[in-house]
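K.L.:
Take this structure, written in structure tokens, and hold onto it; I'll ask about it next.
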Amino acid sequence: MQEIWHLDGRRTRSISPENPTGAPGAGGRAIAGTGAFAAAGLGRGWKVSPSIDLEPGQTITLADIAGPGVIRHFWLTTDRSLLQHFTLQMYWDGAPEPAVAVPLGDFFCNGWDQLALVNSQMVVVAPAGGLNSYWPMPFGTHALITLHNGAERAAPVYYQITYTEEDVPETSGYLHACWRCSDPLGSPAVHPLVEVTGGPGRYVGTYLAIEPRALGWWGEGELKFYLDDDTEFPTICGTGTEDYFGGAWNFDLGGMQLPYSTPYLGLVQVQPRERIYEPQQRFGMYRWHIPDPICFDHSLSATIQALGWREDGHYLPLEHAHVATTAFWYQSHPASTPLP
């Protein structure tokens with residue numbers, strides 16, 4: 001419980017449409033907002049501004065916070081059909097480029113158009129579309145979080161970002177998240193998860209969304225982590241895709257691939273659930289390296305292979321597959337990640 005009983009002088013603040021600055025005593029003061037009509041008979045303080053309307057092409061600032069501090073919880077909900085059209089970006093300590101730049105759905109382990117519930121330590125997706133992040137996000141002088149609507153229609157956005165005002169040790173790392181998509185994967189059938197320069201740092205999580213586009217089992221590919229001075233061969237090499245995400249034997253349990261969600265790993269999307277080994281099926285899975293972080297000193301790169309089977313028993317590189325990943329890591333200084 002991280003010694004929750006320890007009274008150490010931290011101060012809790014929270015930003016939402018009802019308190020856009022997070023300032024003490026500034027919540028519930030709105031006299032206009034998306035709930036103004038509903039609250040007309042009740043007056044100020046009665047859910048006058050619970051959300052914002054995000055227009056097509058618009059980028060809005062969700063949080064603009066002076067440090068030092070640590071973001072502890074981030075909750076958001078919006079039109080579930082638009083999760084892949086929204087881009088979440090986070091900037092630390094005045095950096096000109098975002099350290100986090102990810103489609104909203106992928107940040108919350110929802111890379112496909114059908115809602116997946118998630119019950120993990122770092123990400124929770126609750127009925128019927130409550131997106132929760134518990135990634136700790138320390139910052140020294142400034143934190144800026146924005147959301148961009150790339151869809152062709154407006155959508156309501158409800159959100160709350162809770163943080164603590166506190167000193168941050170010099171050994172703290174900044175949260176980073178990078179989204180990459182290969183569609184089609186091409187040859188060789190190797191998808192790059194991330195390349196990190198500078199450190200020290202810790203790689204802490206992977207979300208994978210894959211559509212194999214080939215008959216049969218699709219997850220023989222290994223995940224490889226090249227640490228620091230590794231060249232041709234990696235320090236960490238797994239034994240298969242489902243193995244890395246905590247499963248085994250094709251996720252196949254009696255002719256079904258059953259979703260599961262645990263504190264550190266899960267298979268949360270199997271679409272459609274009643275079929276198996278079909279080319280157009282879609283899968284989503286996560287692994288959080290919380291008890292087992294992948295630590296590096298000055299550089300890290302990671303890849304995942306996409307391999308199925310040929311009828312003759314040889315591996316089949318899945319060159320036509322759709323592979324999208326979100327990599328999460330902490331790094332000693334804010335670095336830019338490519339925009340989706």
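The values are calculated or read from the model by the stated rules, or taken from the named source; none is laboratory data. Keep in mind that what you see is a predicted model, and the values were worked out from it rather than measured. Please note: Cβ atoms are built from the backbone with ideal geometry, for glycine as well, and neighbour counts cover all protein chains shown. Ligands, DNA and RNA are excluded from the accessible area calculation, which covers all protein heavy atoms including side chains. Shrake-Rupley method; radii C 1.70, N 1.55, O 1.52, S 1.80 Å.
K.L.:
Could you tell me how many of the residues in the range 111-150 are surrounded by 18 or more Cβ atoms within 10 Å (Cβ to Cβ) and over 18 Å from the mean Cα position of the chain (by Cα)?
P.N.:
The total comes to 1.
K.L.:
Only one of (1) surrounded by fewer than 18 Cβ atoms within 10 Å (Cβ to Cβ); (2) out of contact with any Lys or Arg (no Cβ under 6 Å at 6 or more places or on another chain) is not met by residue 166, so which one is it?
P.N.:
Checking residue 166 against (1) surrounded by fewer than 18 Cβ atoms within 10 Å (Cβ to Cβ); (2) out of contact with any Lys or Arg (no Cβ under 6 Å at 6 or more places or on another chain), the one that fails is (2).
K.L.:
Right, next: How many residues are in a strand (DSSP E or B), of a type outside the set (S, T, N, Q) and under 23 Å from residue 129 (Cβ atoms) when one looks only at the range 140-162?
P.N.:
The number of residues fulfilling the criteria is 9.
K.L.:
Let me ask you something else. Looking at 307, 339, 316, which is the one that is under 20 Å from residue 193 (Cβ atoms) and buried (at least 17 other Cβ atoms within 10 Å of the Cβ)?
P.N.:
None of the other options fit; the residue is 307.
K.L.:
Still on this structure, please answer the following. Taking into account only those residues within the range 189-213 that are over 16 Å from residue 293 (Cα atoms) and in contact with a His (Cβ under 7 Å, 6 or more places away or on another chain), which is surrounded by the fewest Cβ atoms within 10 Å (Cβ to Cβ)?
P.N.:
Across the range 189-213, the extreme among qualifying residues is 198.
K.L.:
For the structure I just gave you, tell me whether residue 102 is within 14 Å of the chain's Cα centre (by Cα) and without any contact (Cβ under 8 Å) to a residue 40 or more places away in the chain.
P.N.:
No: the conditions fail for residue 102.
K.L.:
Now a separate question. Inspect all residues belonging to the range 229-238 and state whether any of them is assigned to a strand (DSSP E or B), touching a residue at least 24 places away in the same chain (Cβ under 8 Å) and either open to solvent by less than 10 Å² (accessible area, probe 1.4 Å) or more than 21 Å from residue 67 (Cβ to Cβ) (or both).
P.N.:
Within the range 229-238, one or more residues are assigned to a strand (DSSP E or B), touching a residue at least 24 places away in the same chain (Cβ under 8 Å) and either open to solvent by less than 10 Å² (accessible area, probe 1.4 Å) or more than 21 Å from residue 67 (Cβ to Cβ) (or both).
K.L.:
For the range 230-245, give me each residue that is in contact with a Lys or Arg (Cβ under 6 Å, 6 or more places away or on another chain) and under 16 Å from residue 296 (Cβ atoms).
P.N.:
Answer for the range 230-245, where residues must be in contact with a Lys or Arg (Cβ under 6 Å, 6 or more places away or on another chain) and under 16 Å from residue 296 (Cβ atoms): 234, 237.
K.L.:
So, residue 102, is that one open to solvent by less than 10 Å² (accessible area, probe 1.4 Å), hydrophobic (A, V, I, L, M, F, W, C), assigned to a strand (DSSP E or B) and at pLDDT 95 or above or not?
P.N.:
yes
K.L.:
Grab the strands (runs of 3 or more DSSP E) fully contained in the range 241-322, keeping just those with 2 or more residues being aromatic (Phe, Trp, Tyr) and modelled with pLDDT of 95 or more.
P.N.:
Filter on the range 241-322 gives 282-288.
K.L.:
A follow-up question, please. Quick check on the range 60-76: of everything there that is open to solvent by 30 Å² or more (accessible area, probe 1.4 Å) and part of a strand (DSSP E or B), which residue is farthest from residue 159 (Cα to Cα)?
P.N.:
My answer is 66.
K.L.:
Here's a follow-up. Looking only at the range 1-58, how many residues end up being touching a residue at least 60 places away in the same chain (Cβ under 8 Å), at positive phi and open to solvent by 100 Å² or more (accessible area, probe 1.4 Å)?
P.N.:
Adding up the residues that qualify gives 0.
K.L.:
Considering only the range 78-89, I want to know if a residue exists there that is modelled with pLDDT of 95 or more, within 15 Å of residue 162 (Cβ to Cβ) and either open to solvent by less than 30 Å² (accessible area, probe 1.4 Å) or of a type in the set (Asp, Glu) (or both).
P.N.:
Within the range 78-89 (the criterion being modelled with pLDDT of 95 or more, within 15 Å of residue 162 (Cβ to Cβ) and either open to solvent by less than 30 Å² (accessible area, probe 1.4 Å) or of a type in the set (Asp, Glu) (or both)), the answer is no, since none of the residues qualifies.
K.L.:
Which condition does residue 255 not pass, out of (1) in contact with a Phe, Trp or Tyr (Cβ under 9 Å, 6 or more places away or on another chain); (2) open to solvent by 10 Å² or more (accessible area, probe 1.4 Å), if it passes all the others?
P.N.:
For residue 255, the failing item is (1).
K.L.:
Of all the residues that make up the range 261-283, how many are surrounded by fewer than 16 Cβ atoms within 10 Å (Cβ to Cβ) and either closer than 17 Å to residue 221 by Cα or of a type in the set (Ser, Thr, Tyr) (or both)?
P.N.:
2
K.L.:
While we're looking at this one, here's another question. Return the residues of the range 163-178 that are of a type in the set (S, T, N, Q) and assigned to a loop (DSSP other than H, G, I, E, B); say none if nothing qualifies.
P.N.:
Listed by number, the residues that qualify are 171, 172.
K.L.:
Taking the condition hydrophobic (A, V, I, L, M, F, W, C), in contact (Cβ under 8 Å) with a residue 60 or more places away in the chain, crowded, with 19+ Cβ neighbours inside 10 Å and under 19 Å from residue 213 (Cβ atoms), does residue 296 pass?
P.N.:
Considered against the rule, which asks whether it is hydrophobic (A, V, I, L, M, F, W, C), in contact (Cβ under 8 Å) with a residue 60 or more places away in the chain, crowded, with 19+ Cβ neighbours inside 10 Å and under 19 Å from residue 213 (Cβ atoms), residue 296 comes out as no.
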